[in-house]
Each structure stands twice: as C-alpha cells, then as structure tokens.
Amino acid sequence: MANSVIDPNTGASLEYRHLIKGPDAKQWQQDNMIEINRLTDGRLIKSSTGTKTISFIARSKLPKHKKATYLR
C-alpha cells in the first residue's frame, strides 16, 4: 500500500484514490488486493500465508472509545 507516490511526469503527490483512476489502475488495484491479503489471513492464490497483522470487524463491533481507520 502506498501513502502517496510522486508522479514522475508532473511531480504531483498521488494517493491510492487517484492511482485507481489513472492509466495503471488495474495494476494498483491488483497489487493493493495482494498486499491487504498478505496483511490479513492470506486467502488469495497469489498470496503467501497471511501475517494476521490486521483484521476486519463490523462497524457495529467497534468499541465506542475507538476510531476506525481506512485505506488511504
């Protein structure tokens, strides 16, 4: 996952939301999917065994004193 990358042509800082709308969108989406799988439980065919670094829960299960985080 990338927090942001620099476009080599324009010098602009691009986040994932920009990258998935660009000419390499399919590659960014595929690589992101592989990375998320690697960080969770590794269920994809191309993925190695997951590290269980992150897990997903229903919004209703989020403790009131916690704040959700989202892919950037």
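Bear in mind that the values in this text are calculations on the coordinates, not laboratory data. Since we're looking at a predicted model, the values are computed, not measured. Quick reminder, even Gly has a Cβ in these numbers, built from the backbone with ideal geometry, and neighbours come from all protein chains shown.
List of remarks:
- Pair Gln27, Thr51: separation of 7 Å Cα→Cβ label points (nm): 2.3 nm
- In order along the stretch 4-18, phi translates into HN-Hα couplings of 6, 10, 9, 5, x, 8, 10, x, 6, 8, 10, 9, 3, 4, 7 Hz, rounded to whole numbers, per the Karplus curve 6.51 cos²θ - 1.76 cosθ + 1.60 with θ = phi - 60° and x for Gly and Pro.
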